[in-house]
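The values are calculated or read from the model by the stated rules, or taken from the named source; none is laboratory data. Small disclaimer: the values here were computed from a predicted structure and weren't measured. No Cβ is skipped: glycine too gets one built from the backbone with ideal geometry, and neighbour counts run over all protein chains shown.
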Amino acid sequence: MLAKYTIEYTTQFRRHTHPSHYSTDDPVTCEEFVEELLERGLAIRAIKHEGVELPKAEFDRIVKTAAGMLASRHLCTSLGIKAEEEKYRFGFTA
């Protein structure tokens, strides 16, 4: 059975790149995984839905959501605030 979401990404070693993929049926888990890739600075090559690459607008929406989640988490950690306060003060996705 084909997973609903597949994320293709590349890990970089000193002299080698290693293409990898992650699959999930849950859109929130997909966004959380993209957040982890952004956190680690890994190259995101494609996001597919049911085997078909997402249109640019949908790809960008997922990356933007993941970036907001990452920013929110960092703000909460750095400022010692809760997600609700972060959302009120800064407006990122909690």
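Structure data summary
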read-out	value
Members of the stretch 11-49 found to be of a type in the set (Ser, Thr, Tyr) and modelled with pLDDT of 95 or more, listed by number	Ser20, Tyr22, Ser23, Thr24, Thr29
Top-ranked residue of the stretch 52-94 - restricted to ones that are touching a Phe, Trp or Tyr at 6+ places or on another chain (Cβ under 7 Å) and small (Gly, Ala, Ser), ranked as nearest to Cys30 (Cα to Cα)	Gly68
From the options Glu58, Glu85, residue that is touching a helix residue (DSSP H, G or I) at 6+ places or on another chain (Cβ under 9 Å), without any contact (Cβ under 8 Å) to a residue 40 or more places away in the chain and either acidic (Asp, Glu) or surrounded by fewer than 16 Cβ atoms within 10 Å (Cβ to Cβ) (or both)	Glu85
Subset tally (residues that are within 16 Å of the chain's Cα centre (by Cα) and not in a helix (DSSP H, G or I)) for the stretch 56-94	3
Residues of the stretch 1-19 that turn out to be hydrophobic (A, V, I, L, M, F, W, C), surrounded by 10 or more Cβ atoms within 10 Å (Cβ to Cβ) and within 18 Å of Leu37 (Cα to Cα), as a count	1
Subset of the stretch 25-53 [surrounded by fewer than 16 Cβ atoms within 10 Å (Cβ to Cβ) and assigned to a strand (DSSP E or B)]	Ala43, Arg45, Ala46, Val52, Glu53
